[in-house]
Amino acid sequence: MMDGDAMTPATAPGAGGVRLAPLPAPYPYRSALAFVSDIDSTTYESLFRVHRMLYGLAEGYEDVALETSNSYWVFTHLGKKRKCEVALAAADLSPLPQADAVGALLRTPIFDTLHTYGDVGKVSFDHDFARRCVDLLHDHGLAPAMWTYHGNTLQTHNIAPGADHWHGDDPGHASYHLDLLRKDLGLRFFRRAPSLVLDAPGVSDGEVVQTRDGSWIYQFRGAAFLRNVPREEVDAWLVRLRAEGRSALLDRHVFKPQRQFPDNVLTWTPEMLRYQLSEAVLDDMVAGERVTLVNQHLTRAHCVGSYEAVETRDALRRLTRYGEDGRLLTTSGARLLMFKFVRDNVEARLDVEGEVTRLRISPVAAQGEVWVDLTEERLSGIAFPVPGPEVVATLGPARCETLTVERDERHGWVARFPWESRLQAQRDAVLEFETRIGAP
C-alpha cells in the first residue's frame, strides 16, 4: 500500500471477529516524516554542529527539537576531497585511530542505517571485501536496522532486484554480498534508487520483493519531492555547485528534474530545507495523513552554512511546532520504516466473549513467510479504533502489557501502543561524544 492511499480506520467484518485497520500515522500524530540522511562528506565538526542545532542545543536554536538519524560507512577514503570522517576504517579496511570512539558513537540512536559500506566504486569490491566489512561491524557491536544505496550505476554492489547495473543480490556476479547482509546482519529493509521524484509532498512506497538469490526483502524508496523554488534561487544554487566543482551533479539532480517539472528543483540538500519544510508542504502532509521518508544530506560539511539562514531556522522551528501540537511527528528513519512495515503487515481482530472485548493482534505473513517477530516495542505507535474503554489485548498467546485505551477527539476510543521520543538520548550522545572524538 502506498503511504498516500487512504487507510480507513473503520471496522470491517472478517472471519473470527471484526477486523480493524491501524491508524495511518504513529499515534497520536496525524502524519510523520523522517529524513533518510546520507553520511557523504560529513566531518565530525559538521556532524555535531548540525545535530546540536536539530536537537536544540545550539545558541539560537533552543526552540528546535527534532529527532533524526543518519546513515554511516564502514570505511572512508582518507585522501579524498570532502571525505566522510565518520567511519571505522580506511579504504584498505585498516582501522582508524578513533575507530573505538566512532563505534561507540554509531551504537547510539543518532545512527541506524548502513549507507552501503563506503564509496565502494573506488575500491576493488568482492564478496571477501564485504565479509571483512561485516566483520568490522560485528567487532564494534553494530547492527544497522536498514540499508541504503550509494552512488550511481558504477556502484555495482547496490541492491535492486531487476536492475541491470546493480548486482549485490546476484549470486552469479562478483559484486554479490546480500547473503552477508541477510544472514550475518539480519537486514530486511533496503532503500533502493532512484528516489521518487514528485511535484507534491512525497510519499514513500514499499513492498516485499524476491531478490535474485531467492531471498525476500522489504524494499522502499525515499521521496525527493519538488516544490516551486524561485528561479533566482535555482540560478544561485547552480553557481555554487559549479564554483565547488560539483558540475557533474547538475544534470542528474537539477536539469533532468527541471525537464520533468520546469518550475521546480530537486530538494535534496540542506540548502533547500526552507522549501521542503514550507507551511504548504507540511499542511499537505498532515491533510493526507502521510508517512514519508525524505532523502537528505543533512550533515554535509560544505552545506552547514545554510543552517545559519533565517529561512532555514524558521523551517526547523516550524517542523518542531507541528510536532508539539500533534500534527506531524519527526523521527528517525529506521523507527518510521518499522512503523510503516508493521502498520501494513499487522492484523487485529475484535472479538466479544461474554463481557470481555478482546483485541487479538498478529503479524500478516509476507509471501508465505512471517517476517518480523512482532513485539510490543516494534508495535510502537500502532493504534486501532475500538468501541469502548474495556478492551483486553493479546499478542499471540500473551496479554499486551503496554497497550492502553484512551478517548480521542478524532477517532473516539483508541487502543494504542506508546510512542516514546528518543530525542533526549540523542542529545546525550552528542554531548558525550563530541568531546571524546575531538570535534570542536
Identify all residues within the stretch 286-296 that are at pLDDT below 90 and not aliphatic (A, V, I, L, M); write none if there are none.
Gly288, Arg290, Thr292, Asn295, Gln296
Count - residues of the stretch 400-424 that are among the polar types (S, T, N, Q), over 19 Å from Arg358 (Cα atoms) and either touching a residue at least 24 places away in the same chain (Cβ under 8 Å) or buried (at least 16 other Cβ atoms within 10 Å of the Cβ) (or both)
1
In the stretch 58-76, what count of residues is obtained for those that are of a type outside the set (Val, Ile, Thr) and touching a helix residue (DSSP H, G or I) at 6+ places or on another chain (Cβ under 6 Å)?
8
Might you check whether a residue that is modelled with pLDDT of 95 or more, within 21 Å of Leu319 (Cβ to Cβ), part of a helix (DSSP H, G or I) and not aliphatic (A, V, I, L, M) occurs anywhere in the stretch 50-71?
yes
Which residue, of Trp419, Trp413, is modelled with pLDDT of 90 or more, within 30 Å of Arg49 (Cα to Cα) and among the hydrophobic types (A, V, I, L, M, F, W, C)?
Trp419
Scan of the stretch 150-165 for residues that are out of contact with any Phe, Trp or Tyr (no Cβ under 8 Å at 6 or more places or on another chain) and not polar (S, T, N, Q), ordered by number
His150, Gly151, Leu154, Pro161, Gly162, Ala163, Asp164, His165
Return the residue satisfying two criteria in turn: it lies in the stretch 115-134 and is aliphatic (A, V, I, L, M) and at pLDDT below 95, and of such residues it is nearest to Thr148 (Cα to Cα).
Val120
Hits in the stretch 404-426 - residues which are more than 19 Å from Leu336 (Cα to Cα) and not β-branched (Val, Ile, Thr):
Glu406, Arg407, Asp408, Glu409, Arg410, His411, Gly412, Trp413, Ala415
Cβ-Cβ under 6 Å pairs, at least 6 apart or on other chains, the stretch 179-192 side assigned to a helix (DSSP H, G or I) and hydrophobic (A, V, I, L, M, F, W, C), far side crowded, with 21+ Cβ neighbours inside 10 Å and modelled with pLDDT of 95 or more:
Leu180/Ala130
Filter result (in contact with a strand residue (DSSP E or B) (Cβ under 6 Å, 6 or more places away or on another chain) and crowded, with 21+ Cβ neighbours inside 10 Å) within the stretch 151-173:
Ile159
Among the residues of the stretch 396-410, is there at least one that is more than 30 Å from Asp100 (Cα to Cα) and in contact with a Leu (Cβ under 7 Å, 6 or more places away or on another chain)?
no
For the stretch 15-40, enumerate the residues that are within 19 Å of the chain's Cα centre (by Cα) and of a type in the set (Gly, Ala, Ser).
Ala25, Ser31, Ala32, Ala34, Ser37
Among the residues of the stretch 264-281, which ones are more than 19 Å from the chain's Cα centre (by Cα), at pLDDT 80 or above and more than 23 Å from Thr42 (Cα to Cα)?
Ser278, Glu279, Ala280
Please find, among Arg318, Arg290, Arg300, the residue that is touching a strand residue (DSSP E or B) at 6+ places or on another chain (Cβ under 6 Å) and of a type in the set (Lys, Arg).
Arg290
Pairs, please: C-beta under 8 Å, at least 6 apart or cross-chain, first residue free of Cβ contacts under 8 Å to residues at least 12 places away in the same chain and in the stretch 133-146, second aliphatic (A, V, I, L, M)?
none
Considering only the stretch 35-49, state which residues are more than 25 Å from Leu328 (Cα to Cα), outside any loop (DSSP other than H, G, I, E, B) and of a type in the set (Ser, Thr, Tyr).
Tyr44, Ser46
Extreme residue, modelled with the lowest pLDDT, among residues of the stretch 15-27 that are part of a loop (DSSP other than H, G, I, E, B) and either of a type in the set (A, V, I, L, M) or surrounded by fewer than 19 Cβ atoms within 10 Å (Cβ to Cβ) (or both)
Ala15
Any residue in the stretch 101-109 that is at pLDDT below 95, under 15 Å from Val86 (Cα atoms), more than 22 Å from the chain's Cα centre (by Cα) and part of a helix (DSSP H, G or I)?
yes
Asp128 is checked against (1) part of a helix (DSSP H, G or I); (2) buried (at least 21 other Cβ atoms within 10 Å of the Cβ) and fails just one. What number does that condition carry?
(2)
Can you list the strands (runs of 3 or more DSSP E) lying wholly within the stretch 278-361 that have 1 or more residues being surrounded by fewer than 20 Cβ atoms within 10 Å (Cβ to Cβ)?
346-353
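The values are calculated or read from the model by the stated rules, or taken from the named source; none is laboratory data. Quick caveat: nothing in here was measured; it's all calculated off a predicted structure. Cβ: placed from backbone, ideal geometry, glycine included. Neighbour counts: every protein chain shown.
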